[in-house]
Amino acid sequence: MKITTELVDHICGLSCLELQTEEKQDMTAQLEQIVAYMDVLNELDTTGIEPMSHVFPLKNVLREDEELPSQDRAELLACAPASDGEAFLVPKAVE
Amino acid sequence: MGPIELTALELGAAIKKGEVSVVEAVQAALEAISAQDRTLNAFITVAGEQALDRAKRLQAGMKDASSPLYGVPMAIKDNICTMGVETTCASKILSGFVPPYDAAVVERLRDAGAVSLGKLNMDEFAMGSTSETSSYGPVKNPWDLDRVPGGSSGGAAAAVAAGLGWYAVGSDTGGSIRQPASYCGLTGMKPTYGTVSRYGLVAYASSLDQIGPLCRDAADCAAVLDVLQGHDRRDATSLPGRHDRPGWTGPSADYGHLLSGLTGDVRGLRIGLPVDCYGDGLDPEVRRAVLTVAEVLKSRGAEVVELSFPVLGYAVPTYYIIAAAEASSNLSRFDGVRYGRRAEHHEGLADLYRKTRTQGFGAEVKRRILLGSFVLSSGYYDAYYKKALQVKAVIKAAFDEAFTRCDLLLTPVAPTTAPRLGESLSDPLQMYLSDVYTVSVNLAGLPGLSMPCGSDSKGLPIGAQLIGPHFGEGVLLNAAHAFQLDTDHHERVPKGGEPS
């Protein structure tokens, strides 16, 4: 299928990424080549085949509900670019 | 013979007998690293002081030396979290990230008395087949410094091959342990999905990722896997051991007996040769070397069965659709809020996310995120993502059918030996295609082993792949061990190499 720069703009938006004009041209061409190659799957008739997300039949694996300590808040917040000691800090999200 | 020339198990035995101290072993490795790693670039972080401190404590506590790998220095791929030691995934976006916890495999290694020398270079977020997409620069192949070591666990393979540590722990999503092991002349293994906890492994494609060892021979691999494998409640896909969960009727593994199960006896073992894996696109020197494995095992009493594997051509597109889709979802967590780097200049929250990710990720990571967003997006989901999950079921069924006729499959690991640096970066699709023999193993959740089986006319190592049914690790390791009893390709690993 044809990958257009409009489509690349759309998936950049979905991915929270920005591409410069030249990068975008390269990426559009590469994605078109890769997606064209993926179209080989259409040769295979998969009518009626259940999509497989996990190779083992592991469903509803339940365990006892036990109380266990979680990570220390201060240690986790120390990994963040900005925090106030209680929460992660981000720019104002609601005007 | 200095400690560098020993295998991990030989060094473990020498430590136990008091012939080598843990501190001496760590010092030997650190000297090899400082002599060679400026050239190889296998390590992102060398944790020399921590390693020496730990070596002293282990030497003092020798009475607890129950593991055959007690005191043996090793190193860890930089996408596996290590408490107090920077974990970058070779990405700018995680530079400076020091995890407040250890991955499950790091805990298990510590309990077995391992000493970590540091963190190994890799393709950024394990996305690549050459270790050239690292933001810390490419890794060099110790067999030929103009060539790539393979990827994504390229630092792991280069380090062990050059004698900068006795074994390494990497991750394999589509061949990232087996292919670099092949390019560097090592024995490496991607275990059955669910048998090694992924807790603390920075996720690339969660349904395919699995942690495993890169070693100098099959016996070392068995010993390391005995440490790594086991049930872990913190990984929801972790499979219970046979005795972990009374009343459980689902799949379960018999953990911890791989090393003790190595007999070298392969009488009656049925080796499947999928003829589709020996056709067009395979280097004739690689074909010849891989087929010698069948001959050697036959001389020890194994049988060889030819069979067809008609779905081989669908493996790469299926893999890249599923892996990219999962990557686009997994990597959405890198947004400059909770860990890693944040873009300095931004206007509001959405712009902070965008700028942080745009500045923090490299080109290959962006390509896979965009591809993943595309195959999951409205209007294309059914044609690509859902289709790939259906083909995955077809591939899994083809393996099930093959394993009714044989006990393991013998294939090449890669179509060629190690390519030159720079050759693959300009053509991403070409790089993806070189994963043709390895990716189907991850799609079906099977164990796969890579071992050296010869060298080409340039003197570069050639790897053979053994693929087994679920929980077939013991069969694969025993076949590899049998091959290594009769051949010396694994001993050609440049143990120690030449100081540069």
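Below is a table of values for the structure above.
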item	result
Amide H contacts of residue B:454 (H built 1.01 Å from N, under 5 Å, at least 5 apart or other chain)	B:462
Kyte-Doolittle mean at least -1.0 and Cα axial length at least 30 Å: DSSP H helices in chain B	none
For the stretch B:31-54 versus the stretch B:90-155, the gap between their alpha-carbon centres in whole angstrom	13 Å
Within-12-Å neighbourhood charge of residue B:172 [Cβ basis; K, R +1; D, E -1]	+2
Gyration tensor (alpha-carbon) shape descriptor, the stretch B:19-110, a/c threshold 1.5	oblate
0 to 90° range, to nearest 10: angle between helix A:5-15 axis and chain A longest Cα axis	20 degrees
Helix A:21-38 vs. chain A, principal-axis angle (Cα, 0 to 90°, nearest 10)	70 degrees
Gyration tensor (alpha-carbon) shape descriptor, the stretch B:262-413, a/c threshold 1.5	prolate
Extended-chain gain in nm, criterion 0.36 nm per residue less alpha-carbon gap, residue B:276 and residue B:299	5.9 nm
Computed helical MRE - 222 nm, chain B, DSSP H runs ≥ 4 contributing -39500 (n - 2.57), nearest 500	-11500 deg cm²/dmol
Gained length - residue B:49 relative to residue B:488, 0.36 nm times residue gap less alpha-carbon distance	154.5 nm
Burial order of peptide ranges B:244-256, B:393-405, A:83-95 (average beta-carbon count within 10 Å, highest first)	B:393-405, B:244-256, A:83-95
Nitroxide proxy distance, nm - points 7 Å out along Cα→Cβ at residue B:344 and residue B:401	6.0 nm
Cα shape, the stretch B:355-500, gyration tensor, a/c 1.5 rule	oblate
Nonlocal amide H pairs with residue A:83, under 5 Å, H built at 1.01 Å	A:89
Burial order of peptide ranges B:309-320, B:42-53 (average beta-carbon count within 10 Å, highest first)	B:309-320, B:42-53
Other protein chain Cβ atoms within 10 Å, averaged over every residue that makes up B:377-386	3
DSSP beta bridge pairing in the protein assembly as shown, given as percent antiparallel to the nearest 5	65 percent
Test item: B:311-320 mean partner chain Cβ contacts at 10 Å	3
Chain A, relative contact order in percent, only Cα pairs under 8 angstrom and at least six apart counted	18 percent
FRET efficiency for residue A:6 and residue B:263, using Cβ-Cβ distance with R0 set to 45 Å, rounded to 0.05	0.15
Counting DSSP beta bridges with both ends in chain B, the antiparallel % (nearest 5)	65 percent
Mean Cα-pair separation over length for the stretch B:1-124, i.e. relative contact order, pairs under 8 Å, 6 or more apart, %	31 percent
Mean Cβ count within 10 Å, highest first, over the residues of peptides B:194-202, B:335-343, B:377-385, B:167-175	B:167-175, B:194-202, B:335-343, B:377-385
Percent RCO, i.e. relative contact order, over the stretch B:345-500, from Cα pairs under 8 Å lying at least 6 residues apart	19 percent
Shielding by other protein chains, B:349-358, mean Cβ within 10 Å	4
For the stretch B:317-391 versus the stretch A:1-66, the gap between their alpha-carbon centres in whole angstrom	10 Å
Pairs beyond 27 Å (Cα-Cα), from B:140/B:458; B:140/B:392; B:92/B:119; B:56/B:119	B:140/B:392
Built amide H within the under 5 Å cut-off of residue B:408, gap 5+	B:270, B:272
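Bear in mind that the values in this text are calculations on the coordinates, not laboratory data. Just so it is clear, the structure is predicted and the values come from calculations on it, not from any experiment. Reconstructed Cβ throughout: ideal geometry from the backbone, glycine too, with neighbour counts over all protein chains shown.
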